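Here is the structure we will look at, set down as structure tokens.
The values are calculated or read from the model by the stated rules, or taken from the named source; none is laboratory data. All values derive from a computational prediction rather than experimental measurement. In this analysis, Cβ positions are derived from the backbone assuming ideal geometry, glycine residues included, and neighbour counts consider all displayed protein chains. For accessibility, only protein heavy atoms count, side chains too; no ligands or nucleic acids. Shrake-Rupley method; radii C 1.70, N 1.55, O 1.52, S 1.80 Å.
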Amino acid sequence: MIPTAKDNPFSTYWRNKCDRRWSAVIRQVGCCAYCGRGYTLEAHHLIRRSRMELRQRLECGMCLRRYHHRLCSQISPHLAPKAFKAWLQLAYPERYRWVQTHTSRRRLEKIDYRQAYEYLSEAVAMNF
């Protein structure tokens, strides 16, 4: 029998599945962290997605409205990163410290995405 991507816990199949589940868990909060409204919600990674070891960590995510996530020139983490960082430090100091602590750490190990998917599925069930 030929192994498939589903058999390989390190495959892009499992990584993509984890990304979708992670986003769903973060959006499950139900409102924007900035304004409190509950529509057009998106999940934002507080540390770059390229940091594979942190990519599916729930602490690394924040729920934002699409406008605040991508379009608002005053607060968007993509358009105004310094303003977003200052806001995060004031509004969520513990989260800000977590980001500061984990931004510089590097771990070079393979990520078992199937295991991460199971963890995220449990978070959905517990209403993170």
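Take the conditions surrounded by 13 or more Cβ atoms within 10 Å (Cβ to Cβ), within 26 Å of residue 5 (Cα to Cα) and either under 10 Å from the mean Cα position of the chain (by Cα) or free of Cβ contacts under 8 Å to residues at least 24 places away in the same chain (or both) and apply them to residue 15. Does it pass?
Working: surrounded by 13 or more Cβ atoms within 10 Å (Cβ to Cβ): yes; within 26 Å of residue 5 (Cα to Cα): yes; either under 10 Å from the mean Cα position of the chain (by Cα) or free of Cβ contacts under 8 Å to residues at least 24 places away in the same chain (or both): no.
Answer is no for this residue.
Of the listed requirements (1) open to solvent by 40 Å² or more (accessible area, probe 1.4 Å); (2) among the aromatic types (Phe, Trp, Tyr); (3) over 24 Å from residue 122 (Cα atoms), residue 10 misses just one: (3).
Does residue 56 count as at pLDDT below 95 and either surrounded by 12 or more Cβ atoms within 10 Å (Cβ to Cβ) or outside any loop (DSSP other than H, G, I, E, B) (or both)? Steps first, answer last, please.
Values: at pLDDT below 95: yes; either surrounded by 12 or more Cβ atoms within 10 Å (Cβ to Cβ) or outside any loop (DSSP other than H, G, I, E, B) (or both): yes.
So residue 56 fits the description; yes.
Check residue 67 against each of (1) in a helix (DSSP H, G or I); (2) at positive phi; (3) not basic (Lys, Arg) and name the one condition it does not meet. Going through the list (1) in a helix (DSSP H, G or I); (2) at positive phi; (3) not basic (Lys, Arg), residue 67 breaks only (2).
Could you list all residues from segment 59-78 that are open to solvent by 20 Å² or more (accessible area, probe 1.4 Å) and over 20 Å from residue 104 (Cα atoms)? Selection gives 65, 66, 67, 70, 71, 73, 74. Every listed requirement among (1) open to solvent by 30 Å² or more (accessible area, probe 1.4 Å); (2) touching a residue at least 12 places away in the same chain (Cβ under 8 Å) is met by residue 81 save one, (2). Note on segment 76-128: residues that are more than 12 Å from residue 56 (Cβ to Cβ), out of contact with any Phe, Trp or Tyr (no Cβ under 6 Å at 6 or more places or on another chain) and either of a type outside the set (Lys, Arg) or at pLDDT below 85 (or both) total 33.
Taking the residues in segment 18-28 that are under 27 Å from residue 110 (Cβ atoms) and out of contact with any Gly (no Cβ under 7 Å at 6 or more places or on another chain) as candidates, determine which candidate is most open to solvent (accessible area, probe 1.4 Å). Spell out how you get there, then give the answer.
Just the residues of segment 18-28 that are under 27 Å from residue 110 (Cβ atoms), to begin with: 18-26.
Those still in the list that are out of contact with any Gly (no Cβ under 7 Å at 6 or more places or on another chain) too: 18-21, 23-25.
Details: 18: 0, 19: 27, 20: 148, 21: 63, 23: 28, 24: 39, 25: 0 Å².
Top of the filtered list is 20.
Taking (1) part of a loop (DSSP other than H, G, I, E, B); (2) in contact with a Phe, Trp or Tyr (Cβ under 8 Å, 6 or more places away or on another chain); (3) farther than 26 Å from residue 101 by Cβ in turn, residue 30 satisfies each apart from (2). Taken together, the residues in segment 29-49 that are modelled with pLDDT of 95 or more and open to solvent by 70 Å² or more (accessible area, probe 1.4 Å) amount to 2.
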